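*Asks:* First the structure, then my questions, so here it is.
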There are 2 protein chains.
Amino acid sequence: MVDLPQLPEDPSKLAREPLREQIRQVLVEGLLSGRWKPGERIVERRVATELKVSQAPVREALRELETLRLIETVPNKGARVRAFGVQDMAEIYPVRAGLELVAAQLAADTLAGDPTPLEREVEALQAATARGDVAEQIRHSVEFHREVVRAADNSVLMHTWESLGVEVWTALSVRWLDMELHAKAVDHAQIAEAFRNRDPEVGQMLSDHVLNYVEAAMRSTEKTP
Amino acid sequence: MVDLPQLPEDPSKLAREPLREQIRQVLVEGLLSGRWKPGERIVERRVATELKVSQAPVREALRELETLRLIETVPNKGARVRAFGVQDMAEIYPVRAGLELVAAQLAADTLAGDPTPLEREVEALQAATARGDVAEQIRHSVEFHREVVRAADNSVLMHTWESLGVEVWTALSVRWLDMELHAKAVDHAQIAEAFRNRDPEVGQMLSDHVLNYVEAAMRSTEKTP
DNA sequence: GTAGTCTCGACTGTCGGCAATATCCACACA
DNA sequence: TGTGTGGATATTGCCGACAGTCGAGACTAC
């Protein structure tokens with residue numbers, strides 16, 4: 001789910017990208033911006049008319065959101081925005097940690113040979129943290145992890161990791177849970193360093209680091225179930 | 001009103017399942033049975049007429065097959081059956097191993113308390129092996145692993161694991177790679193035993209066991225790329 | 001003979017409409 | 001008051017049709 005370079009297209013006929021992709025983008029943004037709230041229904045035809053399209057591409061877009069577990073659909077009943085809580089974080093992050101543990105092992109050699117992608121993200125993350133730019137912090141933090149997974153050079157692993165919808169869920173957790181983004185930059189720098197030094201513990205470090213997000217979420221909401 | 005306890009399926013008119021599900025089933029079976037071969041195109045309309053349905057549900061079914069990586073689609077070009085080789089196994093199984101490692105840790109307590117689901121599958125697997133019933137061997141072998149994941153009680157983990165399409169790919173590897181199903185029953189029995197005894201090594205055992213499948217595939221095809 | 005262009009057929013992506021299904025509410029009945 | 005029944009309404013699931021796109025092959029120019 002890399003952000004497209006968003007080419008400055010003619011607003012009238014910008015249909016160069018499959019319609020369903022655009023719709024998916026709109027829906028995701030709607031969810032992130034709070035346009036739709038948790039538990040709320042998403043009516044296919046309503047969205048369709050709103051976007052001046054037909055029902056079909058909207059359906060397909062919704063199916064994709066379903067695989068990201070952003071919405072839930074029941075046959076003949078339709079789709080609704082998933083209620084979201086710490087519980088979800090607690091389920092997602094162990095899986096992420098497991099995947100990234102594998103990734104770290106597979107990517108160890110590659111990243112020891114050329115750790116520049118990681119270092120680039122660490123720098124950008126530090127800069128964003130200094131500026132207090134939350135959106136950029138999320139972006140580069142996620143991108144750091146994506147680089148590790150990418151370096152593992154395993155398309156199934158990449159695909160599976162992406163299917164967790166990391167940036168969307170991170171953004172949501174910040175929005176709905178007010179999750180604190182504490183000094184993650186430090187963690188990341190240490191991990192990059194460990195990769196460079198072929199530290200055999202790097203996998204565990206990365207895994208633990210991911211699991212820390214859950215604690216952050218837990219801590220920031222001692223009440224939300 | 002509470003959710004009804006899943007009334008026992010009317011055998012006569014079970015056409016109550018969404019059409020797209022039935023179509024997906026037909027397509028998967030078609031792939032497993034060799035009705036479509038690797039690299040071959042799958043034309044939406046052709047399938048639709050063949051099954052006496054419209055194009056729409058076929059499209060939706062194809063999308064699901066795409067998330068299982070059974071087919072590949074290119075915009076405006078359509079879907080084709082993925083070419084399949086040892087390479088795919090080599091990519092899938094490390095991911096599976098990582099997920100099941102997590103699962104084993106999360107499920108350890110539950111399964112130590114009640115290992116009967118595992119033991120049931122081990123027995124069934126042994127029986128099937130004795131009979132030489134390959135289909136049943138696959139079924140119970142997969143079901144064993146699914147029980148572990150299920151016991152972890154983490155819906156994201158379950159969902160992610162399922163998205164690997166374990167039984168389909170296992171069946172395919174047997175069909176296309178003539179993968180040998182050697183005495184897996186023994187492994188499974190040992191793992192079940194380890195769970196019962198709260199062996200802290202059980203996660204690693206399970207993970208190694210999964211990775212063994214790759215070696216089996218490798219060994220059985222020293223030629224297929 | 002080769003490179004470029006045109007045309008044609010096949011197929012996907014999208015549309016608007018219709019039937020099937022779920023939900024809601026008023027109303028009758030015990 | 002609580003419970004069942006019938007119909008009205010909102011929405012999904014599916015259909016048949018059409019426009020846009022892609023690729024193969026014929027045709028032309030050199």
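*Asks:* Can you name the number of the only condition in (1) charged (D, E, K, R); (2) within 14 Å of chain A (Cβ to nearest Cβ); (3) more than 18 Å from A:Ile92 (Cα to Cα) that B:Asp153 fails?
*Replies:* (3)
*Asks:* Checking B:Ala48 against (1) open to solvent by less than 30 Å² (accessible area, probe 1.4 Å); (2) within 14 Å of DNA strand D (Cβ to nearest atom); (3) within 24 Å of A:Leu68 (Cβ to Cβ): exactly one of these is not met. Which one?
*Replies:* Condition (3) is where B:Ala48 drops out.
*Asks:* Picking from A:Glu121, A:Glu91, A:Glu136, A:Glu143, which residue would you name as being farther than 18 Å from B:Leu157 by Cα and either open to solvent by less than 20 Å² (accessible area, probe 1.4 Å) or within 11 Å of chain B (Cβ to nearest Cβ) (or both)?
*Replies:* Result of the check over A:Glu121, A:Glu91, A:Glu136, A:Glu143: A:Glu121.
*Asks:* Kindly list the number of the only condition in (1) at the interface with chain B (Cβ under 8 Å from one of its Cβ atoms); (2) modelled with pLDDT under 95 that fails for A:Arg82.
*Replies:* A:Arg82 satisfies all of (1) at the interface with chain B (Cβ under 8 Å from one of its Cβ atoms); (2) modelled with pLDDT under 95 except (1).
*Asks:* So, in region B:52-80, of the ones that are closer than 26 Å to B:Ser173 by Cβ and near DNA strand C (Cβ under 10 Å from one of its atoms), which residue ends up surrounded by the most Cβ atoms within 10 Å (Cβ to Cβ)?
*Replies:* B:Ala79
*Asks:* Can you tell me how many residues in region A:156-173 are within 11 Å of chain B (Cβ to nearest Cβ) and either in contact with a Leu (Cβ under 9 Å, 6 or more places away or on another chain) or not in a helix (DSSP H, G or I) (or both)?
*Replies:* Summing the residues that are within 11 Å of chain B (Cβ to nearest Cβ) and either in contact with a Leu (Cβ under 9 Å, 6 or more places away or on another chain) or not in a helix (DSSP H, G or I) (or both) in region A:156-173 gives 8.
*Asks:* Looking at region A:46-94, which of the residues that are of a type in the set (S, T, N, Q) and either outside any loop (DSSP other than H, G, I, E, B) or touching a Ser or Thr at 6+ places or on another chain (Cβ under 9 Å) (or both) is farthest from B:Thr160 (Cα to Cα)? Lay out the reasoning, then the answer.
*Replies:* Start the filter on region A:46-94 by keeping residues that are of a type in the set (S, T, N, Q), which leaves A:49, A:54-55, A:67, A:73, A:76, A:87.
After this cut, where a residue has to be either outside any loop (DSSP other than H, G, I, E, B) or touching a Ser or Thr at 6+ places or on another chain (Cβ under 9 Å) (or both) as well, the list is A:49, A:55, A:67, A:73, A:87.
Details: A:Thr49: 34, A:Gln55: 28, A:Thr67: 10, A:Thr73: 18, A:Gln87: 17 Å.
Out of the qualifying residues, it is A:Thr49.
*Asks:* State which residue pairs qualify: first residue free of Cβ contacts under 8 Å to residues at least 60 places away in the same chain and inside region A:149-165, second residue of a type in the set (Phe, Trp, Tyr) and surrounded by 19 or more Cβ atoms within 10 Å (Cβ to Cβ) in any location, beta carbons under 6 Å apart, and separation of 6 or more residues or different chains.
*Replies:* Short answer, once both residue conditions are applied: A:Val149/A:Trp161.
*Asks:* Another question, then. Restricting attention to region A:182-190, does a residue exist that is over 22 Å from A:Arg69 (Cα atoms) and in contact with a His (Cβ under 6 Å, 6 or more places away or on another chain)?
*Replies:* Yes, that holds for at least one residue.
*Asks:* Among the numbered criteria (1) within 20 Å of the chain's Cα centre (by Cα); (2) within 10 Å of chain B (Cβ to nearest Cβ), which single criterion is violated by A:Arg59?
*Replies:* Condition not satisfied by A:Arg59: (1).
*Asks:* Of the conditions (1) within 14 Å of chain A (Cβ to nearest Cβ); (2) over 26 Å from B:Glu29 (Cβ atoms), B:Gln190 clears all except one; give me its number.
*Replies:* (1)
The values are calculated or read from the model by the stated rules, or taken from the named source; none is laboratory data. Every value quoted in this text rests on a predicted model; they were computed, and no experiment measured them. Don't worry about glycine lacking a Cβ; one is built from the backbone with ideal geometry, like all the others, and counts go over all protein chains shown. With ligands, DNA and RNA removed, areas are computed over all heavy atoms of the protein, side chains included. Shrake-Rupley method; radii C 1.70, N 1.55, O 1.52, S 1.80 Å.
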